[in-house]
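For reference, the structure is listed below as structure tokens.
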Amino acid sequence: MLPYLVLFCGGVFLTVCQSFGVLTPLPYGGGALDAYGKLMGDPSFFASFFFSLGVAAVSALFSVAAGTFLAYRVWQLPRQLASAALVYKIPLILPHISVAFVILVFWSPSGIMSSMAHSLGFIQTLHQFPNVLYSGWGIGMILAYTLKGIPFAMLLVMVLLVRFDIRQVQTAAMLGASGLRIFFTIVLPRLAPAMHTGFIILFLYSFGAFDIPYILSESRPGMLSIHVYNLYFKHDLARRPEAMAILVIMFCFSLVFIIVYSKIVNHLDNGVRKL
Amino acid sequence: MRHALIFLVLVLLFVLPVVVLVLVSLAPGWRFPDVWPENFSFRGLIYLARHQKQILTSLSSSLLFSLLTVLTTLIMCLFPAAVFARNKFPGKALLEGLLLTPALVPPMTFAMGLHFLFIKFSLADTLVGVVLILAMFSYPYMFRSLVAGFQAMGEGYGICAKNLGASTLSILLRVELPLLMPAVIAGGSVVFLVAFSEYFLVFLIGGGSVASFTGILIPLLNSSNRSLAAILTLIFLFLPIVLFLIIDMVLVRVYRKKGMV
Amino acid sequence: MTKKCIFLIALWALLILPGSSLAKDSDDLLLDIPFQQIQEQARDTKVRWYMFGGWAHVNDWVDTYVAGEMKKQYNIDLIRVPMDAGIFINKLLNEKAAGKKIGNIDLLWINGENFKNAKEAGLLFGPFAEKLPNVIKYVDPKSMTHDFGYPVEGYEVPYGRAQFVFEYDRASISTPPKNMDGLKEWIHSNPGLFTYPQPPDFTGSAFIRQIFYAVTGGHEQYLSGWDPDLFAQKAPLLWDWLNKIEPFLWQKGQTYPKDSAVLDTLFSRGEVAFGMSYHPSHAQNKIQEGSYPNSARTFVLADGSIYNTHFTAIPFNGPNKAGAMVLADFLISVEAQLSKYNPDKWGDFPALDLARLSPEESKKFQAVDLGPATLGSDILNPVAVPEIPTEFLEALEQGWKENVLDK
């Protein structure tokens, strides 16, 4: 196990070095903190950063919420339907980039949803179709991440649901609790660990991944990962430290996020009565 | 009625895309305002037939390195998972968190620096290098699964076997591993899928020498040749499903024989 | 623990041994021996050619015709590896920095900015172009002195020619704009139907260079080399033009297609009215592929249409340089260039000097039917203008981001 940690840390270390202009392939002319300075002074960097955060947060939240709800309902299905419900695992197998493709096929102005709107009489030409993919809000990416994220959240939650004693639910129902009440006060707290794990994983993944933005990213603001990709591969090699600097910032952010989130969750948990 | 509704939602969300992919693969020109494609063409399928050798090669290569990654992560995580599941020691939570980081941070952050190191160690452009880097960022899934598995299994069986005189290795292989199978399968499936669908890392570290199915799929997903993109995606979907079905069947048979099901 | 160490060391040894430094000496030797010997050395070997893989028909041409001929003539196994130029440059860069003397790339498809980056970083082998018999016989030396204004010095071999064209659908637009001003008017009267790929995409970058030439009074002023003052003086004219049309662009200019493939899709599906491409035969190819409507055609603007040559080159650590040289030579041969010119295969314009061909060879080239969508050299040549030096290119791309995208 240790060699791997060494390699992982080695890789991160090298990234950090290159962001300071050390150990770059071509001799670097600038100062050590030049790359960071350039980023801090670039408003588009911050725009991209917060945009990436926003897209990641919305898609992760929605995935976990919808995923938990769907998992709960699927768990309640009678046995015959339960095996058929395994179709929810399909998007798990599809690569992210294919899911992006599917969203493109559905939601582009010349796509399926637009054709349906046309046949229902809502629009006449394809240009009247509302701007889903290119609005500047990253809706296309959010849809794609959510389509991938819901089954993932469902999977995590199912693991806990399977161990759940359905008699507790039945008892509560017998005592007169409504469906909603049962869900929120009995089931949800038990599922919380899976939900938190799911959120952290989905959030951080969407923040840094570049498969889906590769297909669906918008120009302004763009996702951070695409910016890094462009800086690394498409621009002058002298801009390598900038790319590495962004990566270092993303890495630090991820670490800080994990720590802070875990602390907050632990804090909240201590106030909850355990059944 | 409620059940039917949920079922409808599931189908719409998860099955409809596959149906649409099938349609797109047969009708590349499908566009507004047709709700159902007008012109079907087999151009995509013909391309498939002509390039079957290339597609099969990359498919088997992807399969190979994904399976190797599963094996590597299993070997990597087995012992540490046992230690983690059964012992309490100071700083355990912190160490566990640290061990899980590679799966949480964007792979780009360490992959690019790592590429340089791999070249220095002559690991770049090799199958071994690709397996290593895939294992490096997917092992947390196997690790977590195994820890849960060990915790669920408990130490009882192991202690019994030890009392009866079995060696540690023997206990591991003959008592614990079979009991861990569900956890291994769960973790292994995730690792397999992660490795199988990885494009960027395989590309970067494999340097073009290690074929991968994603290497063919991704450039085409970007192009305007939609039917090819759809067909290759469907193939991509097909393989793991078949694999998982096979594993399921084999395992059920084996466990049934052993009387464990 | 010791077992692990031994295993690791054994693994390491196994991996390092084959890669020990064979001949850098034999590489230099290659530049001195006669070409027949190089051909002999290349016989029965494997050649790995790394090139852009996003065009299925080009991939097919390489996999069937080129690979077939190499096998037939030299028993060489050609392995095509799809990889973007920016990525393989990066790979070579890391390999050079790590001291990897034997890599796994034999031949590259490259030009322009990527070539400059590669040559400056010492990633290329050469000069070898002058050794190839087909180059000596058929290539006009003047056409391979500079690549985007950067001296080639024999480090790459011409492969094909490209020229920037616009694409439109004849069924929706009867007369396309004739020049830049006409284009601007058209955009203003038809909002939402025009866009261009976001620089630094290759095609989008070429588009803004075209406009740059047109609005700043032509290309000659830039050809003498990088001039920061000239750029600072002239660039604002470009930003002005682009910013003025921005509100009338597709999606009101809020977002630009990520690359030319996305623009192709938009055009093919009728979401925008114009496509553009650096390859004159691109539209014809797409028609034959079934992606573009049969009524798609191309046009050029009177203000000038940029042309360039694309090349093949050999990396410094190529394992089979002899094989790569033989392949590069074959690609610039008359048969290969003729096959490549055929729109059923690719339609890429030849990089040969047509004046050096024999009458029968010349006739063969003239007989090629480029298809209805591709313009012939009689229309393309009069408006052809050369590419700009690469420093301008970088400055334009960065300037576009700062002055157009981020505004």
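Nothing in this text is a laboratory measurement; each read-out follows from the coordinates by a stated rule. Not measured: the values here are computed from a predicted model. A quick note on method: Cβ atoms are made from the backbone with ideal geometry, for glycine too, and the neighbour counts reach across all protein chains shown.
So the values come out like this:
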item	result
Contact order relative to length of region A:2-271, as percent, for alpha carbon pairs under 8 angstrom and 6 or more apart	31 percent
Dmax and Rg, reported as Rg then Dmax, of region C:248-407 (C-alpha, Å)	18.8, 57
22 Å Cα-Cα threshold exceeded, pairs from B:53/C:72; C:46/C:91; B:53/C:340; C:46/C:101	B:53/C:340
Ellipsoid semi-axes in whole angstrom, largest first, where each is sqrt(5λ) of the Cα gyration tensor of region C:231-304	27, 16, 10
Residue B:249 paired with residue B:98, simple spin-label distance in nm, labels 7 Å along Cα-to-beta-carbon	4.6 nm
Nonlocal amide H pairs with residue C:150, under 5 Å, H built at 1.01 Å	C:390
Unit charges on C-beta of K, R, D, E only; dipole of region A:2-271, Debye	700 debye
Listed peptides A:218-226, B:75-83 by packing density, highest first (mean Cβ within 10 Å)	A:218-226, B:75-83
Antiparallel %, DSSP beta bridges [both residues in the protein assembly as shown], to 5	70 percent
Sites matching GluC sites (Glu not before Pro) across region B:117-201 that sit in DSSP coil, with at most 14 neighbouring C-beta atoms within 10 Å	B:155
Over region B:131-261: Kirkwood hydrodynamic radius from C-alpha pairwise inverse distances, Å	17.5 Å
Dipole in debye (nearest 20) - the protein assembly as shown, about Cα centre, beta carbon charges: Lys, Arg +1; Asp, Glu -1	4560 debye
Percent breakdown of C-alpha pair distances by 10 Å bin, ordered from the shortest bin, for chain C	4, 21, 30, 24, 13, 5, 2, 0
Region A:7-19 - phi-based ³J(HN,Hα) in whole Hz, Karplus 6.51/-1.76/1.60, Gly and Pro as x	4, 4, 5, x, x, 4, 4, 5, 4, 4, 4, 5, 5
Peptide C:391-400, shielding by other chains (average Cβ, 10 Å cutoff)	1
Prolate/oblate/rounded call for region B:1-153, Cα gyration tensor, a/c under 1.5 rounded	oblate
All Cα pairs of region A:106-190, percent lying beyond 14 Å	74 percent
Charge dipole of chain B about the Cα centre (unit charges at C-beta), most positive-ward option of B:105, B:168, B:191	B:168
For chain C: relative contact order, % (alpha-carbon pairs under 8 angstrom, 6 or more apart)	26 percent
Residues with amide H under 5 Å from that of residue C:249, placed H, sequence gap 5 or more	C:192
Kirkwood hydrodynamic radius (C-alpha pairs) into Stokes-Einstein, chain B, 37 °C and 0.692 mPa s, D in µm²/s	154 µm²/s
Flagged links, alpha-carbon separation over 30 Å, of C:116/C:258; C:286/C:364; C:142/C:321; C:184/C:345; B:120/C:131	C:184/C:345; B:120/C:131
Estimated 222 nm signal from helices in the protein assembly as shown, with DSSP H stretches of n ≥ 4 weighted -39500 (n - 2.57), rounded to 500	-18500 deg cm²/dmol
Antiparallel DSSP beta bridges within chain C, percent to nearest 5	70 percent
Shielding by partners, peptide C:272-281 (average Cβ within 10 angstrom, other chains)	0
Prolate/oblate/rounded call for region C:27-101, Cα gyration tensor, a/c under 1.5 rounded	oblate
Prolate/oblate/rounded label for region A:2-271 (Cα gyration tensor, a/c 1.5)	oblate
Computed over region B:108-177, Cα set: Rg, Dmax in Å	18.4, 51
In Hz, Karplus ³J(HN,Hα) per residue of region B:183-199 (6.51, -1.76, 1.60; θ = phi - 60°; x = Gly, Pro)	5, 4, 4, 4, x, x, 4, 5, 4, 4, 4, 4, 5, 5, 8, 6, 10
Rough spin-label spacing in nm, given labels placed 7 Å along Cα→Cβ, for residue A:264 and residue B:174	5.3 nm
Cβ-Cβ FRET estimate between residue A:87 and residue C:146, R0 fixed at 60 Å, reported to 0.05	0.55
Backbone HN-Hα couplings from phi across region C:56-68 [Karplus 6.51/-1.76/1.60, Hz, Gly and Pro as x]	4, 6, 5, 4, 5, 4, 5, 5, 9, 5, 4, 4, x
Cross-link reach list, lysines versus residue B:92, counting only Cα pairs under 18 Å and skipping chain neighbours closer than eight places	A:263
Förster-model FRET efficiency, 45 Å R0, residue A:164 and residue C:170, C-beta, rounded to 0.05	0.10
Principal axis dimensions, the protein assembly as shown - Cα atoms, whole angstrom, descending	92, 70, 55
Average beta carbon contacts from partner chains per residue of B:121-134, 10 Å cutoff	4
Residue A:186 versus residue B:181: modelled label distance in nm, points set 7 Å from Cα along the beta carbon direction	3.5 nm
Kirkwood hydrodynamic radius (C-alpha pairs) into Stokes-Einstein, region A:181-236, 37 °C and 0.692 mPa s, D in µm²/s	238 µm²/s
